[in-house]
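One structure is given here, and the rest of the page talks about it.
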Amino acid sequence: MNKEFLKELRKKRILILGFAKSGYQTAKVLNKLGVKVTLNSKEDLTNSKKAKELENLGVKVISGEHPLKILDNVDLIIKNPGIRYDIEIIKRAIDKKIKIYTEVEIAYRLFDNRIIAITGTNGKTTTTTLTYKLIKTKYNNAKVAGNIGFPLIKQAYENEKNDAPLVTEISSFQLNGTEFFKPSISVITNLGKAHLDYHGSVENYHNIKKRIFKNQDENDILILNIKDKLLYKDDNIKAKILYYSIDDDEKADIFIKNQKIVYKNDNIIDITKILLPGRHNLENVITAVLISLLEGVKKEQIQRIVYNFVGVEHRLQYLGEVKHIKFYNDSKATNPESTVKAITGFKDNIILIAGGKDRGIDFSELKPYLSRIKLMICIGESKNILEKLAKSNNVKCMEATKVEDATILAYQNAKEDDIILLSPACASWDQYPNFECRGKEFINVYKKIENKENN
């Protein structure tokens, strides 16, 4: 533990802004370490058991609004990553030159854990999850943290004395509140366009992502996608760079040749045995494999885990097959771009379940890939729009009300070697509180079909 930084925190008047997992765990950990904090949430926490728990520990909790007068007695703000910088209390704090961090920064500076940090526009969660499973074969006490699982500050506090690294998914929102954050291995899976409403421009977004390596030195490692190489040409990178490619590109440190993932002239993985479909998932796998090799995981263990990895729940998750009909749950696909990635993971024979909240989205992005779809089953508010798109492109189309009856309809119309794919291309809010609930309905129907056919 960094006792000097802890001593510094104990002298400061600290405001934790926002609740959820991050605010709650930050308040709890700092309180245990003798740091006095105030927690402020716009959400009314009057009936929150966790807020009451913090109050019983001595944490002052102010909820229901962000009163500006609270800033009169604040030296440091630890902000929930999702809180925007353009709200009044944050703008006023910036004017007052109050430091604003996220708990990722505090966790890094307080504790001595070795951190593997994974960010990128796409593939973060799958890469982080697979990396964690691989690392755990060598370090039984390995933990996953950050944007998935538990907040980094909780895992760092509870596991500081372990020799295992903390495998973390780090979002741009979290990186935006860092200054000294320095992982031993950092990864940027890819750099595209995202969260422009939050960051303002692609340039700002990319620069914030790049904070993951800004403090790294020659003893650290940075893993990058070789196809994005030019995006880093003007960056002063001190870490050792390792490039990956899912093509036969020997300029990369790890690449694919003759359907094998090759590293240092050794065939590590036969990609034909990978269950996850799509080129984007090959990127996720190859990145996780490289990290695990750097961490000393044995090739046999890597193969065992990778060949049995079915993905992250709701992210092109392979559920299994019934009568040689495969089921994939991609409920996380809340926009056409995500659905395109799912569709391109298969050659044809796709029965696509799509539709949901009508947000005025243009679905024309799907057009070049509709030839792979043998049947589209449309649900939700947007079903008429999708049905029109399907019919105008000579794709057979049927309507259903929700995921449950759509899945049953899909199975009734499926034949051997077909793919039943839930990839809605829409948000879920017209019928479900979130994409997880939508995906779980699909999983439950699949299990009913499987049980019925196997009994």
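The values are calculated or read from the model by the stated rules, or taken from the named source; none is laboratory data. Predicted model only: the values in this text are computed from it and were never measured. Please note: Cβ atoms are built from the backbone with ideal geometry, for glycine as well, and neighbour counts cover all protein chains shown. Ligands, DNA and RNA are excluded from the accessible area calculation, which covers all protein heavy atoms including side chains. Shrake-Rupley method; radii C 1.70, N 1.55, O 1.52, S 1.80 Å.
Mind listing whichever residues of the stretch 101-113 are modelled with pLDDT of 95 or more and either open to solvent by 30 Å² or more (accessible area, probe 1.4 Å) or out of contact with any Pro (no Cβ under 9 Å at 6 or more places or on another chain) (or both)?
Selection gives Tyr101, Glu105, Ile106, Tyr108, Arg109, Leu110, Phe111.
If a residue has to be of a type in the set (Val, Ile, Thr) and either surrounded by fewer than 15 Cβ atoms within 10 Å (Cβ to Cβ) or assigned to a strand (DSSP E or B) (or both) to count, how many in the stretch 266-318 make the cut?
So the count comes out to 5.
Being open to solvent by 60 Å² or more (accessible area, probe 1.4 Å) and in contact with a Gly (Cβ under 9 Å, 6 or more places away or on another chain) is the filter; apply it to the stretch 342-364 and report the residue that is modelled with the lowest pLDDT.
Only one residue fits best here, namely Asp358.
Yes/no matrix, rows are residues, columns are (1) charged (D, E, K, R); (2) under 17 Å from Cys426 (Cα atoms); (3) open to solvent by less than 10 Å² (accessible area, probe 1.4 Å):
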position	(1), (2), (3)
Cys378	no, yes, yes
Ser382	no, yes, yes
Ile385	no, yes, no
Asn393	no, no, no
Lys402	yes, yes, no
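For the stretch 410-439, give me each residue that is under 15 Å from Lys383 (Cα atoms) and not in a loop (DSSP other than H, G, I, E, B).
Leu422
Here's the yes/no breakdown for (1) surrounded by 14 or more Cβ atoms within 10 Å (Cβ to Cβ); (2) closer than 20 Å to Lys99 by Cβ:
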| position | (1), (2) |
| --- | --- |
| Glu4 | no, yes |
| Gly18 | yes, yes |
| Lys21 | yes, no |
| Val35 | yes, yes |
| Leu54 | yes, no |
| Glu65 | no, no |
| Leu68 | no, yes |
| Val74 | yes, yes |
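Starting from residues that are β-branched (Val, Ile, Thr) and not in a strand (DSSP E or B), keep the ones in the stretch 319-339 and report whichever is farthest from Tyr369 (Cα to Cα).
Per the criteria, the residue is Thr334.
Of the residues Ile62, Ile153, Ile78, only one is at pLDDT 95 or above, assigned to a helix (DSSP H, G or I) and touching a strand residue (DSSP E or B) at 6+ places or on another chain (Cβ under 9 Å); which?
One residue alone meets the criteria, Ile153.
Residue check: is Ile98 open to solvent by less than 40 Å² (accessible area, probe 1.4 Å), in contact with a strand residue (DSSP E or B) (Cβ under 7 Å, 6 or more places away or on another chain) and free of Cβ contacts under 8 Å to residues at least 60 places away in the same chain?
Yes: the conditions hold for Ile98.
Quick one: is Val29 β-branched (Val, Ile, Thr) and assigned to a helix (DSSP H, G or I)?
Against the criterion (β-branched (Val, Ile, Thr) and assigned to a helix (DSSP H, G or I)), Val29 qualifies.
If I filter the stretch 331-351 for residues that are on the phi > 0 side of the Ramachandran plot, of a type in the set (Lys, Arg) and over 16 Å from the mean Cα position of the chain (by Cα), do I get at least one hit?
No - not one qualifying residue is present in the stretch 331-351.
Could you give every pair whose Cβ atoms fall below 6 Å, whose first residue belongs to the stretch 428-455 and is among the polar types (S, T, N, Q), and whose second residue is assigned to a helix (DSSP H, G or I) and modelled with pLDDT of 95 or more, counting only separations of at least 6 or pairs across chains?
Hits for this filter: Ser428/Arg438.
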